[in-house]
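Working notes for the structure below.
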Amino acid sequence: MFLTANFIESIAQVLSFLLEFYKWIIIANAMISWVNPDPYNFIVQFLQKATEPVLYPIRNAIGNFGIGVDISPFIALLSVLFLQNFLVRSLFEWAGQLR
């Protein structure tokens, strides 16, 4: 059981790191969208490729509410925060119960 608890805790730590990293990628992409970025810049391309698979379905589902502001990064950030606070915390608690 101790090995299983360590494995689950390791998964929770990796997932926590990946979600935190992705949160900052979403924030960077949103901030870059406020200016006129060079679409051929490697960093801009990376941010677009990393966030569009998540942001595009959100945009299609909610639209822009007629205000012309894209709130899909905000909703994606809320989703990441939910996963960090619910899923990762639940995995840590589960690992603690297995010990």
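What follows is calculated from the coordinates using simple rules that are stated; it is not laboratory data. Remember, it's a predicted structure, so these values are computed and weren't measured experimentally. Positions of Cβ are backbone-derived with ideal geometry, glycine not excepted, and every protein chain shown enters the neighbour counts.
What the table shows:
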| quantity | calculated |
| --- | --- |
| Residue in the range 8-17 that is surrounded by fewer than 15 Cβ atoms within 10 Å (Cβ to Cβ), of a type outside the set (D, E, K, R), free of Cβ contacts under 8 Å to residues at least 24 places away in the same chain and not in a helix (DSSP H, G or I) present | no |
| Members of the range 48-99 found to be of a type in the set (D, E, K, R) and within 20 Å of S33 (Cβ to Cβ), listed by number | K49, E52, R59, D70 |
| All positions within the range 33-47 that are surrounded by fewer than 16 Cβ atoms within 10 Å (Cβ to Cβ) and either part of a helix (DSSP H, G or I) or touching a Ser or Thr at 6+ places or on another chain (Cβ under 8 Å) (or both) | F42, I43, Q45, F46 |
| Residue that is out of contact with any strand residue (DSSP E or B) (no Cβ under 9 Å at 6 or more places or on another chain), without any contact (Cβ under 8 Å) to a residue 60 or more places away in the chain and under 30 Å from E93 (Cα atoms), where the choices are V35, V44, V54 | V54 |
| All positions within the range 1-32 that are β-branched (V, I, T) and more than 26 Å from L91 (Cα to Cα) | I32 |
| Some residue of the range 50-73 being surrounded by 11 or more Cβ atoms within 10 Å (Cβ to Cβ), among the aliphatic types (A, V, I, L, M) and not in a helix (DSSP H, G or I) | yes |
| Boolean, A28 is small (G, A, S), part of a helix (DSSP H, G or I) and in contact (Cβ under 8 Å) with a residue 60 or more places away in the chain | no |
